[in-house]
């Protein structure tokens, strides 16, 4: 039996999750209108990433047990709202599967595109490009059709199971040793 066909050793789920938590991530909320046009969904994500510049593609993943997954799978468009450091309360609100997420949440609508959270530091409005089955998650790849950049604050970061502050970096000099 060669090494490629040998059984792989099991990975402890708790240890794996803890180890993944040592990689800092930004925090975002994905929002979409339901296909019926009457309801909307929103959920906090930390699995956002860029994919391609040409065409402009981004990705995020959602657990298969998420309440909003069927609506998101059928959405014609969605927005990925990157949260600022002062928006922990918005992240916490949209991380729950119960309660009213929308009362007191300012949203904006633009030219028939999906709504965005008014306080996000940047929002990527996307049309679905691809969906991929990936274990206990679905990976969504979206083609960006509009960017709303607001800036003005540091991003909200998640690290080691809690929110963390992002410190400004010290510029790296390009000096050469002599």
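Points to keep in mind about this one:
- Shape of the range 89-136, Cα gyration tensor, a/c cut at 1.5: oblate
- From most to least packed by mean Cβ count within 10 Å, the peptides 15-26, 142-153, 115-126 give 115-126, 142-153, 15-26.
- Shape of the range 1-109, Cα gyration tensor, a/c cut at 1.5: prolate
- Against the rule of thumb 2.2 N^0.38 Å, how large the Cα Rg of the range 46-159 comes out: 1.05
- Taking the helices alone, the chain has a mean residue ellipticity at 222 nm of -3000 deg cm²/dmol, built from -39,500 (n - 2.57) per DSSP H run of at least 4 residues and averaged over all its residues.
- Taking every alpha-carbon pair under 8 Å whose residues sit at least 6 apart, the range 46-159 reaches a relative contact order of 33 percent.
- Point-to-point label distance, residue 150-residue 39, nm (Cα→Cβ direction, 7 Å offset): 2.6
Since every read-out is calculated from the coordinates, none of them should be taken as a lab result. Small disclaimer: the values here were computed from a predicted structure and weren't measured. Glycine gets a Cβ as well: all are built from the backbone with ideal geometry, and neighbour counts include every protein chain shown.
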